[in-house]
Amino acid sequence: PKVPGFEPVDKKANPKAQEWQGLKVFYDNKIYSNGQPIAIVVADTFERAVYAASLVKAKYAKEVAETDFEKNLGKARGPRGDAAPQLYKRGEADAYKKAPVFIEEEYLLPIETHNPMEMHALIAHWEAPDKITVYDKTQGPKDTQGELVQAFQLPEKNVKVIAEYVGGGFGSALRVWPHEIAAVLAAKKINRPVKLMLSRDQMFTMVGYRPCAYQKIGIGATTDGKLTGITHTAIAQTSSYENFTEGIVNATKFLYDCPNVNTSYQLVPLDVSTPIWMRGPGEATGCYAFESALDELSYKLKIDPVELRIRNYAETDPERKLPWSSKYLKECYQLGMDKIGWSKRSATPRSLQEDGWLVGYGMGSGVFSAMRWVATVRGVLRDNGTLLLQSAVSDMGPGTATAMVQIASQAMDMPAEKITFELGSSALPPGPTQGGSATTSTLGSAVYDVC
């Protein structure tokens, strides 16, 4: 069977039609990356399936593959696919070079795989030629439903996705991957439910990763530690068939009070699978490098790293010129210093050893967007005094159901044991995706409102 959603769309005939994003599994005979699925074998036992898969032989026409990130940095392009990098400038570009004191540092972060203990798996069951139920590991039942609707051109009401407690995800289950489409195709082919689970080694190549990133940072300051200029350049990898972007340089624009800031962001397409968001995507990568560079500046200035940050504390958002809704970073600094005995530490790098190992402790700031998505909750207050709440959200470990019951218990002044939160089915009212550290604030607001 074919995947109708893989075919090119006619925007003139249907302006709302969308091209399929990502690898089109089994669509052609091209190999884009190591670990790419090229066939699926179905059997009536696990052992038979594994053995039958070992009998599949493939012939390849060898071509040159580009997988070396550092070697291909010179081929970086803009995140929209054109030559222009994504740029930001406030004040003067590269102003750090004119500062009395400045540093330039380079950082290379390797890829990082999510690898939750619970591997990706699904069961695909075609209940009718145009009706399917999928039990899946997904951080967004509604998102997965939408992608299956697009791929197989089905009515939304005929696609049900069940994903209650999916285990760890960390971002790896934020989209529909090729193996999911493959299982749905196999189930349609044999007209029976098909269960597929990735092996541990396939978790490294088939469900994304934090992309490799090169960063160059220049920071300049006056001799008393006031920042005068920041330049942050980032280049990250993506696949040859899809652009994956994230906010590596975003935090640099607003984290500290500095009049001159410029950033640049580019991608290097390689013959690898597509990356995906992972635990503080982009900002974690960028803050690591930026904060490391700021530490280097603090030692060059002979100013305590915490004190340097306090001298450049942003009382308002310097990027958007708006007040913060709340900010307690100074209080956080002080609490951390008190807890770990910061004042007693040796300020000289590489001066402490323990059992032959260099040891020490430092500090760094990190930020991530505070956001809320869209969520709907259905509340049913029964005549026996119990409350049922329902929303199409999955739970990958943060205790979403428990948190929603607690919010409802406080809002209704009702014992928690009388409240049930039902989740995990796309047939329920639309809920948010588990991502961006926004589920509790998003869904909790809807729970509060419905109560």
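Derivation of every value follows stated rules applied to the coordinates shown; laboratory data play no part. Here the structure is a predicted model, which is why all the values come from computation and not from measurement. Counting neighbours? That spans all protein chains shown, and the Cβs are built from the backbone with ideal geometry, glycine included.
The table below lists the values:
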read-out: Dimensions (Å) - the chain, Cα atoms, principal axes, largest first; value: 73, 69, 58
read-out: Relative intensity, log₁₀ I(q)/I(0), of the stretch 378-450 from a Debye sum that treats every alpha carbon as a point, q = 0.17, 0.20 Å⁻¹; value: -0.56, -0.77
read-out: For residue 314, distant residues with modelled amide H under 5 Å away; value: 257
read-out: Per-residue ³J(HN,Hα) for the stretch 374-388, Karplus 6.51 cos²θ - 1.76 cosθ + 1.60, θ = phi - 60°, Hz, x for Gly and Pro; value: 9, 8, 10, 10, 9, x, 10, 9, 7, 6, 8, x, 9, 10, 10
read-out: Rounded to the nearest 20 debye, dipole of the stretch 378-450 from Cβ charges on Lys, Arg, Asp, Glu; value: 80
read-out: Residue order, fewest to most surrounding Cβ atoms within 10 angstrom, among 404, 206, 278; value: 206, 278, 404
read-out: Dimensionless Rg ratio for the stretch 51-121, taking C-alpha atoms and the 2.2 N^0.38 Å reference; value: 1.97
read-out: Total formal charge among the other residues, if their Cβ is under 15 angstrom from that of residue 318, Lys/Arg +1 and Asp/Glu -1; value: +4
read-out: Student exercise, the chain dipole from Lys, Arg, Asp, Glu Cβ charges, in Debye to nearest 20; value: 740
read-out: Amide H contacts under 5 Å for residue 419, placed H, 5+ residues apart; value: 387
read-out: Distance (nanometres) between label positions extended 7 Å along Cα→Cβ at residue 98 and residue 332; value: 3.3
read-out: Charge dipole of the chain about the Cα centre (unit charges at C-beta), most positive-ward option of 234, 86, 15; value: 15
read-out: Amide H within-cut-off set for residue 213, under 5 Å, with H built and near neighbours excluded; value: 109
read-out: When each of 98/300; 24/57; 75/321 is checked by Cα-Cα distance, pairs over 26 Å; value: 75/321
read-out: Residue 370-residue 299 pseudo-label distance in nm [points 7 Å out on the Cα-to-Cβ vector]; value: 3.4
